[in-house]
1. Express the carbon and sulfur contribution to the solvent-accessible surface of the chain as a percent, rounded to the nearest whole number, probe 1.4 angstrom.
2. Which whole-Hz ³J(HN,Hα) couplings does the range 45-61 yield from phi under the Karplus relation 6.51 cos²θ - 1.76 cosθ + 1.60, θ = phi - 60°, glycine and proline marked x?
3. Once you list every other residue whose beta carbon is under 10 Å from the beta carbon of Ala116, what net charge do they have if Lys and Arg are +1 and Asp and Glu are -1?
4. Can you give the net charge of the other residues whose Cβ lies under 13 Å from the Cβ of Val469, counting K and R as +1 and D and E as -1?
5. Output ³J(HN,Hα) for the range 8-20: one whole-Hz value per residue in order, computed from phi by the Karplus curve 6.51 cos²θ - 1.76 cosθ + 1.60 with θ = phi - 60°, and x for Gly and Pro.
6. Of Lys164/Lys244; Lys280/Lys300; Lys163/Lys300; Lys146/Lys466; Lys164/Lys404; Lys2/Lys300, which ones are farther than 27 Å apart at the Cα?
7. To the nearest 0.05, what FRET efficiency results for Ala48 and Lys466 with a Förster distance of 30 Å applied to their C-beta separation?
8. May I ask you to list the aspartates and glutamates whose Cα is less than 19 Å away from that of Lys247, ignoring any residue fewer than eight positions away on the same chain?
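The values are calculated or read from the model by the stated rules, or taken from the named source; none is laboratory data. What you see is a predicted model; the values in this text were computed from it and never measured. So basically every Cβ, Gly included, is an ideal-geometry build from the backbone, and we count neighbours across all protein chains shown. The accessibility values were calculated without ligands, DNA or RNA, using every heavy atom of the protein model including side chains. Shrake-Rupley method; radii C 1.70, N 1.55, O 1.52, S 1.80 Å.
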Amino acid sequence: MKIEFIPAVGVSEAPDALAVLVFEEGVLSAGAEDLDRATGGAVRRAIAASRFTGKSGQTLDLLAPNAIKAGRALIVGGGPGPEIAAETAESFAAHAYQALKLSGAEHLWLMLAGAAPDAVAQAAFGARLAAYRFDRYRTKDGEDKKPSIQRLSVVCVDPKAAKKLAAPLGGIADGIEFTRDLVSEPPNVLYPEEFARRVKKLEKLGLEVEILGEKEMKKLGMGALLGVGQGSERETQLVVVQWKGAKDKDAAPVAFVGKGVTFDTGGISLKPAEGMEDMKWDMGGAGAVAGLMCALASRKAKVNAVGILGLVENMPDGAAQRPGDIVTSYSGQTIEVLNTDAEGRLVLADALWYCQERFKPQFMIDLATLTGAIIVALGNDFAGLYANDEALAEKLLAASKAEKEGLWRMPLPAAYDKLIDSMAADVKNISGGRGGGSITAAMFLQRFTNGVPWVHLDIAGTAWRKPSVAPTSPDGATGYGVRLLNRLVADNYED
Ligand code: BES
Ligand code: MN
Ligand code: ZN
């Protein structure tokens, strides 16, 4: 879909389809007033004839309205109003796109003459996120199943200003799309090496990408990560992505670490067949870190940032690790692997230690589809936030509020630490009890942070949503984490 900003002209000029905002209590935006006037009062009559109240996200379709060229006009609820806040504009554009994407209309005008340039830019961002589709493998879709909208014109007072403000948002959208593609790909296509190759291609944005293979990791002693991949035909990879955007290229970076299990069968502690296909998105943490690095580079963020991706496939096999195995992690701590399905923490143990040792970062934030238990605790609208640093946790909660990516703080109780003490090794990878499964997973990770300011985000419930719950995020991969962490960086860590 091509997106452009064009100077405010009347609704009569719209060639094909147009959308306008109406707020609660029937307050019409400038575009809606214009439409009402041009059509001899069709907007007010349509509202009176329906249950449309202007609540955010409601839509009302005017087909073949009188006296204008466009074949259809869409009225979209904007919530309280009458100012068009950036988030109102984003939601307006996304709802309009969703309502019209299969309508047959090819060219959509979003009437935003009453909006400030930042809101206009945010509308373009919302439409672009809404238009995301992963249909690479659908070869038989009929024309009626394919989106018809090819072109989106955002009609506004100052197209030049809007275009300028839209540029960095375009970079964030690139990052979100990159994450969504990675997460959506089937696991036969996206295995660790293929994931690494795709990240390597981001070098064209100015990122530095290093790929460590099994030989290098063995030399370093990354027994925890390597143990997970031992049963797979695919080679385990550790990918290091660097963005040096700060004035001082040697300033301590911010760091992000992602769990990238490209498929999680559970290993010898095999998962049940039902729903196992979902475990193709067990790389959602690494996918989000990759998308974030893409976003930071695309918008040339003034920060030094590091992304570390632990990429591995967890398979049962004659060579696979067994429950009861003891592995030596990169940190030197030995781990008793009592359940091979608690593999994400093994991946992160080595990736986190490597991160702090090599980069001495300001902080490390890991993202992982780590536990089913976080879904039991929080459902799908919130990721679990674990932090050893109050200030960092507060900044993340603020970013979560601003970007509407849900987060809920969870505890790291010192008293639970002993639950993962092992009789045979330094630590065991499951507590053995039923309670607090997401917390004990976080306690495990904490042992590999070496006291560096650290946050763990358990995104098992938020990386993938079906059915979708936001117009900006169609069914499937959400790209959760890219907006959140981009905002954290933009608001707190740039020159
Ligand atoms: N990848 C899973 C967690 C998961 C479950 C993500 C459901 C998304 C949806 C993880 O590797 C896992 O299997 N965790 C186990 C841990 C248990 C063995 C202690 C779990 O949650 O059951
Ligand atoms: Mn698992
Ligand atoms: Zn997993």
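1. Working: 10340 of 19950 Å².
On the chain, the fraction of accessible area on carbon and sulfur atoms equals 52 percent.
2. 3J(HN,Hα) across the range 45-61, in whole Hz: 5, 4, 5, 5, 8, 10, 9, 5, 10, x, 4, 3, x, 5, 9, 9, 9.
3. Numbers: positive: none; negative: Glu83, Asp118, Asp158.
Taking every Cβ under 10 Å from that of Ala116, the sum is -3.
4. Working: positive: Lys404, Arg465, Lys466; negative: Asp381, Glu405, Asp475.
The answer is 0.
5. Residue by residue, the range 8-20 yields 4, 10, x, 4, 4, 7, 4, x, 9, 9, 9, 10, 10 Hz.
6. Values: Lys164/Lys244 23 Å; Lys280/Lys300 31 Å; Lys163/Lys300 17 Å; Lys146/Lys466 19 Å; Lys164/Lys404 24 Å; Lys2/Lys300 23 Å.
Cα-Cα > 27 Å for Lys280/Lys300; rest within.
7. Working: r = 37 Å, r/R0 = 1.23.
Calculated value: 0.20.
8. Partners within reach: Glu208, Asp491, Glu494, Asp495.
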